[in-house]
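Engineer: Got a structure for you, questions after.
The values are calculated or read from the model by the stated rules, or taken from the named source; none is laboratory data. What you see is a predicted model; the values in this text were computed from it and never measured. Please note: Cβ atoms are built from the backbone with ideal geometry, for glycine as well, and neighbour counts cover all protein chains shown. The accessibility values were calculated without ligands, DNA or RNA, using every heavy atom of the protein model including side chains. Shrake-Rupley method; radii C 1.70, N 1.55, O 1.52, S 1.80 Å.
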Amino acid sequence: MTTAGLSQSYDRGATEVPLIEQTIGDFFDAMAARQPQREALVSAHQKRRYSYAALAAESARLASALLRSGLAPGERVGIWSHNNVEWVLMQIATAKVGLILVNINPAYRTAELEYALNKVGCRALVTMARFKTSDYLGMLRELAPEHAHGKPGQLSSARLPHLRRVVWIDEPGQGEEQPGYQRFSELLGGGDAADPRVAEVQKTLNATDPINIQFTSGTTGFPKGATLTHHNILNNGFFIGECMKLTPADRLCVPVPLYHCFGMVLGNLACVTHGSCIVYPNDAFDPLSVLETVQAEKCTGLHGVPTMFIAELDHPRFREFDLSTLRTGIMAGSPCPTEVMKRVVNDMHMSEVTIAYGMTETSPVSCQSSTETPLDKRVSTVGLVQPHIEIKIVDPESGATVAPGVSGEFCTRGYCVMHGYWDDEARTREAIDKDGWMHTGDLATMDGEGYVNIVGRIKDMVIRGGENIYPREIEEFLYRHPKVQDVQVVGVPDPRFGEELCAWIIAKPGQSVTEDEIREFCKGQIAHYKVPRYIKFVTAFPMTITGKIQKFKIRDEMKAELGLSEEKTA
């Protein structure tokens, strides 16, 4: 339990509220039975609405269809799609019959798709047909031209040897037929909500069974398949919703992607564990559709990564929309600039917005601020440890727990820690030590009250002439400049100091700012060695689809541009 005056950087969460021991299917069915007529899901871009009873009936129908198609509990089924009704139906239906849902990033292209499907042995794949310039079925055809001559459920190909069935998400009656592939509407139409096998299989499932695989977007090497159980993600979704004080009256706008934990756990599962309504404003993030949907659906909560909130706040039509129904939501995915947080609270009426911190391997959230967290703590920390979880900050070299205020590696232990990396015992052991602690690779500090501050990645820390510099600190300072909309700071090689600082800056719309202005702003305010030597003005940062900034790409681009190499460093 958190108490003031911690003697070391270790804390554990409250245990008064017990963990949920049910499977996702059982818990969802019980919620639907308790409030059948309450709205459960709104997909604004598809113009579709479902009550809890309707969502339960449709997901049972889909679960039945999946079993009839020959899939068996424990087998893997991929979902390669942006946000839509079909995605959440797959999430619930697979959980009901023990199929392991494999989230595949919609940004993946052929080589990444081939790796993901084969790594975990997907037997079936549900996919969008296309989105904007991405032709998903075309990419599959490229990998497996043999599919054109196959039958659904009996597909075979040299490069995708495990895949037997491909289902494409269609608008019923629209789109041309796809040889070898099945329409989603056709699959669903073959199901029967009353199929007794669904209930029979559901009874045999255990909450500790793996139910979801998410590929972690590593900066080097192949992605790892973090394998999560019902127990992992159902409980995490519940305690996340508790922090937000969700009730059946809440309507949560979810513009973050479902293929990532942010959408499927902090969004979908936080809602269904509290009987709240999930609202999708669009298939992929668009700031205008978020503003329109919050107003039209009277949303009380809104999720996003900082770059999404910035895009909404700075949209030219922002002032046109009534966002007064908003109360809460979560900002996560990357560190939240203090100034952005203040604008979200003041201009978007989100007085009870919370910050969440975690990683895919921990289901994902291990720390979160609450609706009561004082604003100064809410903007400067990621809150306190979540219930039923232990956290500690350790010296990366010795492994010893450090004193409060001292930075070290953030480690976490408890129900939230993943089952392991799929078919990768060695990398699982690297991440989870013999005592069950997950080593995150994040640098953090913990104060005497237990509030945690993430100061960066161990690999992101810049060492300039022997001085340890945390880019986050400089980013927070530069956000205060009135012309700066967003900023990222990295270290680049330097023959004299080992590393020098480089800042990439996005100016606010309609503003122009110079290197001299930035340096003058820093003068006398921060130590001379923290003033970036290199400053570049850009219009966007390289980032993953979930809004995580890819600092290694910024570093690589600057090394190439400046003609720097690691070999030149002292």
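Engineer: Please report, to one decimal in angstroms, the Kirkwood hydrodynamic radius of the chain built from all distinct Cα-Cα pairs. Intermediate values should be presented prior to the final figure.
Structural biologist: Values: mean 1/r = 0.0406 Å⁻¹.
When all Cα pairs of the chain are included, the Kirkwood radius is 24.6 Å.
Engineer: Could you tell me the center-to-center distance, by alpha carbons, between region 494-549 and region 237-294 in angstrom?
Structural biologist: First find each Cα centre; the distance between them is then 33 Å.
Engineer: At a Förster distance of 60 Å, what's the computed FRET efficiency of Arg38 paired with Thr514, Cβ-Cβ distance as r, to 0.05?
Structural biologist: E between Arg38 and Thr514, to the nearest 0.05, is 0.65.
Engineer: Excluding ligands, DNA and RNA, what is the solvent-accessible area per residue of region 359-412 at a probe of 1.4 Å, expressed in Å²?
Structural biologist: Numbers: 1720 Å² over 54 residues.
With the other protein chains kept in place, region 359-412 gives 32 Å² per residue.
Engineer: Next question. Is there a quick way to get the dipole size of region 39-181? I mean about its Cα centre, with the Cβ of Lys and Arg at +1 and of Asp and Glu at -1; what is the value in debye to the nearest 20?
Structural biologist: Dipole magnitude for region 39-181 comes out near 260 debye.
Engineer: Same structure again: What residues have an amide H closer than 5 Å to that of Ile389, excluding those fewer than 5 places away on the same chain, when H is modeled at 1.01 Å from N in the peptide plane?
Structural biologist: Long-range HN contacts for Ile389: Gly13.
Engineer: Shifting gears a bit: For region 296-358, with all protein chains present and a 1.4 Å probe, just round the carbon and sulfur fraction of the accessible area to a whole percent.
Structural biologist: 50
Engineer: I would also like to ask the following. In Å, what Kirkwood hydrodynamic radius results for region 182-251 from the alpha-carbon pair distances?
Structural biologist: 16.0
Engineer: Applying a 10 Å radius around every beta-carbon, put 373-380, 25-32 in order of their mean neighbour count, most first.
Structural biologist: Sorting 373-380, 25-32 by mean packing, highest first, produces 25-32, 373-380.
Engineer: Further, regarding this structure: So what is the relative contact order for the chain, in percent, with contacts set as C-alpha pairs under 8 Å and at least six apart?
Structural biologist: Relative contact order comes out at 13 percent.
Engineer: Another question about this same structure. Under a 5 Å amide H to amide H cut-off, with H placed in plane at 1.01 Å, what residues pair with Glu75 once short-range neighbours are removed?
Structural biologist: Result for Glu75 returns Ile100.
Engineer: Can you give me the distance in nm between label points at Asp447 and Ala527, each placed 7 Å from the Cα along the Cα-to-Cβ direction?
Structural biologist: The two pseudo-label positions are separated by 2.1 nm.
Engineer: Per q in 0.12, 0.24 1/Å, what log10 I(q)/I(0) does a Debye calculation on the alpha-carbon atoms of region 1-111 return?
Structural biologist: -0.59, -1.34
Engineer: Next up: Compare the Cα positions of Trp80, Trp504, Leu564 along the charge dipole of the chain (+1 at Cβ of Lys, Arg; -1 at Cβ of Asp, Glu; about the Cα centre) and return the one farthest towards the positive end.
Structural biologist: Trp80
Engineer: Taking the Cα centre of region 286-337 as origin, work out the dipole magnitude from +1 charges on Lys and Arg Cβ and -1 charges on Asp and Glu Cβ, in debye rounded to 20.
Structural biologist: Working: 4 positive and 7 negative charges, 35 e Å.
Computed about the Cα centre, the dipole is about 160 debye.
Engineer: So which cysteines of the chain have no other cysteine's Cβ under 4.7 Å from theirs?
Structural biologist: When partners are defined as cysteine Cβ atoms under 4.7 Å apart, the chain leaves Cys122, Cys243, Cys261, Cys271, Cys277, Cys336, Cys367, Cys411, Cys416, Cys502, Cys522 without one.
Engineer: With the other protein chains left in place, how much accessible area per residue, in square angstrom, belongs to region 471-569 at a 1.4 angstrom probe? Let's see the in-between values first.
Structural biologist: Working: 4840 Å² over 99 residues.
Here the residues of region 471-569 average 49 Å² of exposed surface.
Engineer: Measuring from centroid to centroid over Cα atoms, what is the spacing of region 72-98 and region 326-357 in Å?
Structural biologist: 30
Engineer: If contacts are Cα pairs under 8 angstrom and at least 6 residues apart, what is the relative contact order of region 291-389 in percent?
Structural biologist: It comes to 22 percent, rounded to a whole number.
Engineer: Also, quick follow-up: So what is the 222 nm mean residue ellipticity for the chain from helices alone, if each DSSP H run of at least 4 adds -39500 (n - 2.57) and you divide by all residues, rounding to the nearest 500 deg cm²/dmol?
Structural biologist: The helix contribution divided over the chain gives -8000 deg cm²/dmol.
Engineer: In debye, nearest 20, what is the charge dipole magnitude of region 100-141 about its Cα centre with +1 on Lys and Arg Cβ and -1 on Asp and Glu Cβ, if you could check?
Structural biologist: Computed charge dipole of region 100-141: roughly 80 debye.
Engineer: Right, another one. Please work out how many pairs of lysine residues in region 446-570 are eight or more positions apart (or on different chains) and have Cα atoms closer than 17 angstrom.
Structural biologist: For region 446-570, the number of qualifying lysine pairs is 13.
Engineer: Here's something else I'd like to know. Amide H to amide H, which residues 5 or more places from Arg48 or on other chains are under 5 Å from it, using H placed in the peptide plane?
Structural biologist: Residues meeting the amide H criterion: Ser43.
Engineer: What order, most packed first, do the peptides 296-305, 165-174 have when packing is the mean number of other Cβ atoms within 10 Å of each residue? Can you show the working numbers first?
Structural biologist: Numbers: 296-305: 23.5, 165-174: 18.0.
For the peptides 296-305, 165-174, the packing ranking is 296-305, 165-174.
Engineer: Within region 503-567, what whole-number % of the accessible surface is contributed by carbon and sulfur, with the 1.4 Å probe and all protein chains included in the calculation?
Structural biologist: The C+S portion of the solvent-accessible surface of region 503-567 is 50 percent.
Engineer: If the label point is 7 Å along Cα→Cβ of Phe318, which residues in region 223-256 have backbone nitrogen under 20 Å from it?
Structural biologist: Backbone N within reach: 253-256.
Engineer: Among DSSP beta bridges whose residues both lie in region 440-566, state the antiparallel percentage, nearest 5. Don't jump to the answer; show the numbers that get you there.
Structural biologist: Details: 19 of 23 bridges.
The antiparallel proportion sits near 85 percent.
Engineer: Report, for the chain, the % of DSSP beta bridges that are antiparallel, rounded to 5. Could you put the intermediate results ahead of the total?
Structural biologist: Values: 53 of 90 bridges.
Percentage antiparallel, nearest 5: 60.
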